[in-house]
Structures are given as structure tokens and as C-alpha cells.
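Below is one structure, written out as C-alpha cells; the observations come after it.
The values are calculated or read from the model by the stated rules, or taken from the named source; none is laboratory data. As the structure is a prediction and not an experimental result, all values here were calculated from the model. All Cβ positions, even for glycine, are placed from backbone atoms using ideal geometry, and neighbour counts span all protein chains on display. Note: accessible area is taken over every heavy atom of the protein model, side chains too, but ligands, DNA and RNA are not part of it. Shrake-Rupley method; radii C 1.70, N 1.55, O 1.52, S 1.80 Å.
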Amino acid sequence: MLKLQNIDKSFFLNTPDENQIFEKFNLEIPTGQFVTIIGSNGSGKTTLLNLISGTLMPESGRILKDGKDITHQKEHVRAQYIGRVFQDPSMGTAGKLTVLENLSIASNKGKKYGLRPAIKKDRVDYYKELLTPLGMGLENRLFQPCRTLSGGQRQALALLMSTMVKPDILILDEHTAALDPRSADTVMRLTREIVEKEHFSVVMVTHNLRFALEYGDRLLMMHEGKIILDKEGEAKEQLVLDDVLDLFYNISIEVGNTV
């Protein structure tokens, strides 16, 4: 269970530009739940992900994971049990390193490094087996630098790498936004397959309303640091795209955004 209790978070604190994002914000995410989050620009979506991952710290309130207070735990410590895939495909992989080298680094996450080969030849077949089900030909590109891959290939690799050492929580930060529609659909299919297999908790921010309705157990809509829609299970399945679109359109127009 992940809990955010009475969270206060502001930017540019004690300056003329002070901007309070969250005031006494509360959210509970049960273990194994797949939550999709949509909302207007500036609603607090990315700030929420950064608070969960430890990139940002709240001014007050608590963040609890399975009853343990992790509010002030550093990001690199949380990375031991939190995986994250970013919007930019280049942020999840090292472009100058090969696919094989990237996978080797990911598979050794959290382990102590010593004077031993970083890449073992007997792992090549294992990595090929991991990559083949992706259906993107990456198993034939193990020795290519990641910078030579397409955006969709690189994001699929980043998704796989973030889940190789099984995280308790997977954070997806608009991880299909920079992809073409076909690649976005492929990455979402892979996301569903990995999540259904591993059963970890997922928090996914997306601007794609179709993805928000089609994927996950629970849908949240945020606006001005508050949750204005919270549907899960059967209630989420009964949501109609046009109704969600109307609500999303209204809050977007209110803050001067376009859908």
C-alpha cells in the first residue's frame, strides 16, 4: 500500500512567484493496483510522480509504503524498489552504450560491483529471450548503440529495463507521448503484458484519454492539485469517453489549455 497523507507542496516558496500545487493532498494506492492519471496542465500530475519517486520532497505531510515512512528517503534509495519510464525515450537508456550493455546494467541494479566481467557471454541468449516477445527486432540489435534505435524501440527497451529487477512500484510518466500512434500502441500493449505478468503497482500519467480508459484498474482526473474524478473497477469500466472528454475539455479551457 502506498499512502500520501496531508501533503503540502509549493514551488518558489516565500517568493513573489510562490505556487502551491498541493494542500493537504491525500491518496491511497493499494498494492498491485494500476492507476492511470489524467488532468490539465499544472494540475500536479508530474509533481505527484516526483513526490512518489523522491525527486521532490513535500513541505509537510507523509508518504508511506507498506506502513514505512519514506517521506524523506532519497531518490536513489527509492530506486531500489521503484521503476520509472519517462516521456523522453532517451532518458531511460544510455545512448552511447549498446542494447546489451544497457540490459546488463539494468539486470545488475542494486547489486554490488566488483572486479568481474560486466557482461557475461552466457547472458546473451537470455537477453535475446527477453527481447524477442517485444516483437521489435531488438534481439537482433544487441550490439548496436541505443542511439541508433527508433523512439518506439528505445522506449520499449526502457520499459523492459525498468522492470527487469522487479520493482514494487512502476511509474510511467507519459511514456508514450513522444511516440507515433503505432509505436504508442505497441508500448502500451507491452506495458499491459508486463504488468499482468508481474502484478506490481503502477502509476501512469497520460494525456491519451483512450489509454486512460482502456488500461488500468483505476482512473484519476486531477485539477489544480485536487482529485476531481476517481473511478475504479466496474465504475471505471462504465465510463464513456465522451463524458470524460467533456470534463477534461472544460477544465482545460478553464486554465487556458487545449485538449
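The number of residues in region 80-105 being open to solvent by 10 Å² or more (accessible area, probe 1.4 Å), without any contact (Cβ under 8 Å) to a residue 60 or more places away in the chain and small (Gly, Ala, Ser) comes to 2. Considering each residue of region 198-205 in turn, at least one proves to be in contact (Cβ under 8 Å) with a residue 40 or more places away in the chain and either in a helix (DSSP H, G or I) or open to solvent by 20 Å² or more (accessible area, probe 1.4 Å) (or both). Taking region 19-60 as the range and being of a type in the set (Gly, Ala, Ser) and not in a strand (DSSP E or B) as the test, the residues that pass are Gly32, Ser40, Gly42, Ser43, Gly44, Ser53, Gly54.
Any idea which residue in region 64-79 is surrounded by the fewest Cβ atoms within 10 Å (Cβ to Cβ), counting only those that are more than 15 Å from the chain's Cα centre (by Cα) and within 27 Å of Leu160 (Cβ to Cβ)?
His76
For residues that are in contact with an Asp or Glu (Cβ under 9 Å, 6 or more places away or on another chain) and of a type outside the set (Lys, Arg), tally how many sit in region 65-77. Spell out the reasoning first.
Going residue by residue through region 65-77, those that are in contact with an Asp or Glu (Cβ under 9 Å, 6 or more places away or on another chain) are 65-66.
Among the residues that remain, those that are also of a type outside the set (Lys, Arg) are: 66.
Matching residues across region 65-77 total 1.
Only one entry in Ala178, Ala235 is assigned to a loop (DSSP other than H, G, I, E, B) and either open to solvent by 20 Å² or more (accessible area, probe 1.4 Å) or of a type in the set (S, T, N, Q) (or both), namely Ala178.
The residues of region 60-78 that are in contact (Cβ under 8 Å) with a residue 24 or more places away in the chain and touching a Lys or Arg at 6+ places or on another chain (Cβ under 6 Å) amount to a single one, Leu64.
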